[in-house]
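Trainee: Just passing along the structure, written as structure tokens.
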Amino acid sequence: MRTPPPSRMLTPTIPQGVELASFDTYLAAQEAVDALSDAQFPVQHTSIIGTDLKMVERIIGRLTLTRASMAGAGTGAWLGLMYGILMWIVMPEGAFAALAAGLIIGVIMGAVFGAVSYLMTQGRRDFTSSSQVVAQHYAVICDPEHAGKAREILSEAGIKAAAPMSSTPPPAVDMSRPPQYGIRLDEDGNPIEH
């Protein structure tokens, strides 16, 4: 088993290797690696690489003063409880009082902070959301010396292997023009007027 030197492990780099299969979902790529693992393949020689990354913000619901206060109270309760536990450790004789005081003060302060934070946005962001980075495609790659065996295992598991990479280079990018972020371009690279 080949272990990379410590400096390579600490420096973020894109793994190199032979593409075994390409998938539209992370779950499908994970299932391919799991099939390799089930066949006792040394999976430490594989990697899953997501490409065409997109930041997705999923809207959960409308944010109101009540919801902002309740969320703040929940966070304050946890912080107050942690403070109460710390006080209990330092002064065990007043354990119940420290826990109760920490919890009550945390709920009140959290609710006030949540309400003030909501009011300061002045209605510019009246919704709650969660964000995540999602890839459009996931490739399972493998070190070249193990690729043949890995393709054989995936084939036996009914997982279609990737086609060999094309030897034609990608189209050249015109570096003489500055990037145009947020502007929609047609196929020739000209701005689309609205």
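The values are calculated or read from the model by the stated rules, or taken from the named source; none is laboratory data. Please read all numbers here as calculations on a predicted model, not as lab measurements. Every residue, glycine among them, receives a Cβ derived from its backbone with ideal geometry; neighbour counts consider all protein chains shown. The area values use the complete protein model at the heavy-atom level, side chains included, leaving out ligands, DNA and RNA. Shrake-Rupley method; radii C 1.70, N 1.55, O 1.52, S 1.80 Å.
Trainee: Could you please let me know if Val134 is under 20 Å from Asp24 (Cβ atoms) and at pLDDT 80 or above? Show your work before the answer.
Mentor: On the way: under 20 Å from Asp24 (Cβ atoms): yes; at pLDDT 80 or above: yes.
Considered against the rule, which asks whether it is under 20 Å from Asp24 (Cβ atoms) and at pLDDT 80 or above, Val134 comes out as yes.
Trainee: Check whether at least one residue in region 10-28 is modelled with pLDDT of 90 or more, of a type in the set (Val, Ile, Thr) and open to solvent by 70 Å² or more (accessible area, probe 1.4 Å), and report yes or no.
Mentor: No: region 10-28 contains no residue that is modelled with pLDDT of 90 or more, of a type in the set (Val, Ile, Thr) and open to solvent by 70 Å² or more (accessible area, probe 1.4 Å).
Trainee: Yes or no: region 139-158 includes at least one residue that is hydroxyl-bearing (Ser, Thr, Tyr) and touching a helix residue (DSSP H, G or I) at 6+ places or on another chain (Cβ under 7 Å). Give the steps one after another, and end with the answer.
Mentor: Step one: of region 139-158, the residues hydroxyl-bearing (Ser, Thr, Tyr) are 155.
If we keep only those that are touching a helix residue (DSSP H, G or I) at 6+ places or on another chain (Cβ under 7 Å) as well, we get none.
No: region 139-158 contains no residue that is hydroxyl-bearing (Ser, Thr, Tyr) and touching a helix residue (DSSP H, G or I) at 6+ places or on another chain (Cβ under 7 Å).
Trainee: In this structure, does Gly106 turn out to be under 30 Å from the mean Cα position of the chain (by Cα), open to solvent by less than 30 Å² (accessible area, probe 1.4 Å) and over 30 Å from Gly148 (Cβ atoms)?
Mentor: It is false that Gly106 is under 30 Å from the mean Cα position of the chain (by Cα), open to solvent by less than 30 Å² (accessible area, probe 1.4 Å) and over 30 Å from Gly148 (Cβ atoms).
Trainee: Which one is most open to solvent (accessible area, probe 1.4 Å), of the residues in region 29-68 that are modelled with pLDDT under 90 and touching an Asp or Glu at 6+ places or on another chain (Cβ under 8 Å)?
Mentor: If we take residues in region 29-68 being modelled with pLDDT under 90 and touching an Asp or Glu at 6+ places or on another chain (Cβ under 8 Å), then Arg62 is most open to solvent (accessible area, probe 1.4 Å).
Trainee: Which residues, counting only those in region 106-138, are aliphatic (A, V, I, L, M), under 24 Å from Leu53 (Cβ atoms) and touching a helix residue (DSSP H, G or I) at 6+ places or on another chain (Cβ under 6 Å)?
Mentor: None; the set is empty.
Trainee: Same structure, new question: Enumerate the pairs (first residue in region 29-42 and under 9 Å from Ala150 (Cα atoms); second residue anywhere and among the β-branched types (Val, Ile, Thr) and in a helix (DSSP H, G or I)) with beta-carbon separation below 6 Å, excluding pairs fewer than 6 apart on the same chain, so at least 6 apart or on different chains.
Mentor: Pairs found: Leu36/Val43; Leu36/Ile153; Phe41/Ile153.
Trainee: Is there a residue in region 69-82 that is within 30 Å of Glu145 (Cβ to Cβ) and either out of contact with any Leu (no Cβ under 7 Å at 6 or more places or on another chain) or open to solvent by less than 50 Å² (accessible area, probe 1.4 Å) (or both)?
Mentor: No; the residues of region 69-82 include none that is within 30 Å of Glu145 (Cβ to Cβ) and either out of contact with any Leu (no Cβ under 7 Å at 6 or more places or on another chain) or open to solvent by less than 50 Å² (accessible area, probe 1.4 Å) (or both).
Trainee: Kindly provide the set of residues from region 83-103 that are crowded, with 17+ Cβ neighbours inside 10 Å, modelled with pLDDT under 85 and of a type in the set (Phe, Trp, Tyr), ordered by number.
Mentor: Passing the criteria: only Trp88.
Trainee: Now a separate question. Given the conditions (1) part of a helix (DSSP H, G or I); (2) basic (Lys, Arg); (3) without any contact (Cβ under 8 Å) to a residue 24 or more places away in the chain, which single one is not true for Arg124?
Mentor: Tallying (1) part of a helix (DSSP H, G or I); (2) basic (Lys, Arg); (3) without any contact (Cβ under 8 Å) to a residue 24 or more places away in the chain, Arg124 fails exactly one: (1).
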